[in-house]
1. What does the extension gain come out to for residue 47 and residue 20, with contour length at 0.36 nm per residue minus their alpha carbon separation?
2. Put +1 on the Cβ of each Lys and Arg and -1 on the Cβ of each Asp and Glu in the chain; which of 52, 67, 36 then has its Cα farthest toward the positive end of the dipole?
3. Around residue 93, what is the net charge, scoring Lys/Arg as +1 and Asp/Glu as -1 over all other residues with Cβ under 14 Å from its Cβ?
4. Need one number for the stretch 13-113: average projected area of the convex hull over its C-alpha atoms, nm².
5. Place +1 on the Cβ of every Lys and Arg and -1 on the Cβ of every Asp and Glu in the stretch 1-97, take the dipole about the Cα centre, and give the residue among 97, 81, 4 whose Cα lies farthest towards its positive end.
6. Tell me the mean residue ellipticity at 222 nm calculated for the chain from its helices only (DSSP H runs of n ≥ 4, each -39500 (n - 2.57), averaged over every residue, nearest 500).
7. By how many nm would the segment from residue 80 to residue 7 grow when fully extended, if each residue of separation counts as 0.36 nm and the alpha-carbon distance is taken off?
8. Under a Cβ-Cβ cut-off of 9 Å, what is the net charge of the residues other than residue 28 that fall near it, where Lys and Arg count +1 and Asp and Glu count -1?
Amino acid sequence: MSNVPADLKYARSHEWVRELADGTVEVGISDHAQHALGDLVFVEVPAPGRELQQGDACAVVESVKAASDVYAPIAGTVIAVNDALAKTPELINQDPYGAGWILRLRPSGAAAAAQLLNADSYAAVAEAG
């Protein structure tokens, strides 16, 4: 079973969301997703300032097996990206919930976050495949 931290919210498409103290959110892909992809060799992040709608493809993670889109789990404006991923994409494999974060968003509304899954619900989705 993959690691599913209880303090995060999750999208069915395997992204996680961490609410930060300043009202912004940090986004990455789950441990389950990085395991399924395998060793990452490239990460393409969105440009800061980009407006995202919930469900928009906003980043790409590429492994030796496949390339996969990362989807915006909530709507908002990209305010920061993890520049370290350009040189060290394997940070996502090593620490998907910490150093492997992908982007930070300023949410455009609170309602979308309510649609995200808690850890138990996400764990059931991940186990079901």
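Read-outs: derived from the displayed coordinates by stated rules, not from any lab. Quick caveat, the model's predicted, so the values are computed rather than measured. So basically every Cβ, Gly included, is an ideal-geometry build from the backbone, and we count neighbours across all protein chains shown.
1. 7.7 nm
2. Checking the options against the dipole of the chain, the answer is 52.
3. Cβ neighbours under 14 Å give a net charge of -4.
4. 5.6 nm²
5. About the Cα centre, the residue reaching furthest to the positive side is 4.
6. Dividing the helical sum by the residues of the chain leaves -4500 deg cm²/dmol.
7. Extra length available between residue 80 and residue 7 comes to 24.2 nm.
8. Taking every Cβ under 9 Å from that of residue 28, the sum is -1.
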